[in-house]
1. Students often check this: by mean Cβ neighbours within 10 Å, which of 310-320, 573-583 ranks highest, and how do the rest follow?
2. Would you mind working out the magnitude of the charge dipole of the range 524-605 relative to its Cα centre, with +1 at each Lys and Arg C-beta and -1 at each Asp and Glu C-beta, to the nearest 20 Debye?
3. Pop out the ³J(HN,Hα) list for the range 328-335 in order, Karplus 6.51 cos²θ - 1.76 cosθ + 1.60 with θ = phi - 60°, rounded to Hz; leave Gly and Pro as x.
4. Strictly over 26 Å apart at the Cα level, which of 241/302; 249/570; 266/570; 184/249 would you flag in this model?
5. Per residue of the range 292-309, in order, report the coupling 6.51 cos²θ - 1.76 cosθ + 1.60 (Karplus, θ = phi - 60°) as ³J(HN,Hα) in whole Hz, putting x for Gly and Pro.
6. Sort out for me the Cα centre separation of the range 206-272 from the range 274-311, rounded to whole Å.
7. How many nm separate the modelled label positions at residue 337 and residue 159, each set 7 Å beyond the Cα in the direction of the Cβ?
8. Under the Karplus relation 6.51 cos²θ - 1.76 cosθ + 1.60, θ = phi - 60°, what is the ordered set of whole-Hz ³J(HN,Hα) values for the range 486-501, x standing for Gly and Pro?
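What follows draws every value from the coordinates through simple rules; no lab data is involved. Since this is a predicted model, take the numbers as computed values, not measurements. Don't worry about glycine lacking a Cβ; one is built from the backbone with ideal geometry, like all the others, and counts go over all protein chains shown.
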Amino acid sequence: MTEITMPDPPADPGPESDFDEWTAWLDREIAAGRNPIPPERGPAAQGLTISLGDATDIDPELLAVVCGPDGLGGQSLGQQFGQDAAADALQPGPVLAALTEQAVDDLGRLDDDQLTGVLRASQRLANREAWKQALVIAEFARRREAELAAATARGVPVHCRAGEFPGEELAAELRITGSEAAAKIETAQQLTSRLPATLAGMADGLLDARRAAVISDYTASLSDTDAATADRTLSAYAMEKRIEQLARKAAALEMKLAPEAVRARKERERRISARVEVRREMSGNASLSAREMDTASALASKAHIDAIAARLRTAGLDGTLGAVRLRVLTELTQGRDPLDLIRAGSPAEAGTQAPAADPAPAVPDADPAAPPVPALINLIVPIGTYLGWSTAPAQAGSWGLLDAGETRDITRAAARHPATRWCVTIIAGRDGTAIAHACAHGKHPWVAELPADGRHPSRLAHPPPGSAVQSPADVTHSAQLAHPPPNVGAQLTALFRRLNLTFRPIAEGGCDHASAERQYLPSRALRHLVRARTATCTAPGCLAQAVHCDIDHTTPHPAGPTCQCNLAPKCRRHHRCKQAPGWRVEQPAPGVMRWTLPSGRTHVTTPTVYDV
């Protein structure tokens, strides 16, 4: 028996081997009369195979960085997830998915900045998955609608038609309620038929499903033309804003573009859905809420509870202010006088009764249908809305938006209170930021009688009398010229003169220190300038109202001046964050705040942009 010795074949060709060399070896083996046996393959190495086709939409230079020695498969992958690095800005797709998969295999190698980059990348991937779901659900709904239409055309009886229950079918697959499934279908149909910019934002990983649903909900009542405009505006706005901010912006846009639809929806829901609910809290306690209330009544009720709670706290009743408010609500809804909880300015003992305080004097000219609004309410009201020639919504503190009718009702009610104080902030039409502010001194109850039809306010030669009820409201007006009448200049001049206003400029860009003060605590006038410039806490994403925030020195006093360029509102929690290790806050220009977080990432916030 002759033993034939075969030369060893070359190594198994990988994707990067020389194919010509391999085929040349095969030719030699065949020419020599040998039957070449393919080498056995070893166990497959662990790894990922990625198609880098056109669908990934990756710039070639960026792809070279990601797939280089420090990119995919390298030992320094984490560097690509640093702030503004390649993977930190990479669009969702196969490459980003592979990078994040490899990154989470050894998170310990990542620093805080890179770890945050991986988190943001995974969010972009999740947003794109939400885009896929929207496409799938819309196609699912289209098929069921076609089936239903065909069954209806054939005369199939109701409840026996194919495609009649798409929501219930989807709910069974996703393990959600029927109403949730119906909402998903409605949102998917809106996105794929009327909201292309929002849908594209989801595909790019920049918008999540919740933000898309908000845009869908608030554009459903709009015409196709208005919906297209709102889609472009809201999808761009939503990318860097919290959901509450987006919802407020979307609601304001809906009020401007479809005020009748908004009004009809409110009246319908108030008529058919008004109720009082008791729910179980996650803690095991309970909650009591009144749903679909009239806005003015809800604000007046809350302010009434706040006023009584403040009085009880002053008298020494134990507990947080929130707990005291809850106690007041309990007493009122169970037919008891909450003021019986105190006696002669001290906490009442259990089981004792304290005499109630004298009721506040009545207001002769008050409209019983519009109760005066007491206590700690901050309103930002476009002056055109108040005078009747604009429909721009107002902002009622943390409550939210008020339509034009609610705005006039609530501000007229507030004007009847003797402690109400009026301020005017002038807004720049070019960018919506505040440029000047003034405060009116003393009482101005005559404002409650200003005409709502845009007539000249100077015609009110003799302001009507007003008297006290309950407690004060702080009302701020911003000048907003939406659709002003020809005599708008005369109207505003007369109104500002009657309020005896002296405007002070709000610093922007640079600061001449004209408003600087020597003391540590800023005056009321300086606090108002800072809060008019920035209406919320300056921390990234924080929406705490500036009226409830600390006015903080960015550079501590006395090294830093008590001036607009060194002051900014911070809620108490973010004030404490600023002073913690690893946090740093700078104010390179008045109202422009640069926050550096412990991870090393930086975020910049800017002065409030008012909707004008």
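1. The densest-packed peptide leads the list: 310-320, 573-583.
2. Dipole of the range 524-605, to the nearest 20 debye: 160 debye.
3. Result, ordered by residue: 4, 4, 4, 5, 5, 7, 10, x Hz.
4. Beyond 26 Å between Cα atoms: 241/302; 266/570.
5. Per residue, the Karplus-derived 3J(HN,Hα) values read 6, 7, 5, 4, 4, 5, 5, 5, 5, 5, 5, 5, 5, 4, 4, 5, 5, 4 Hz.
6. 26
7. Each label point is offset 7 Å from its Cα along the Cβ direction, giving 5.7 nm.
8. With the stated coefficients, the range 486-501 comes to x, 9, 4, x, 5, 4, 5, 4, 5, 5, 5, 5, 5, 7, 6, 8 Hz.
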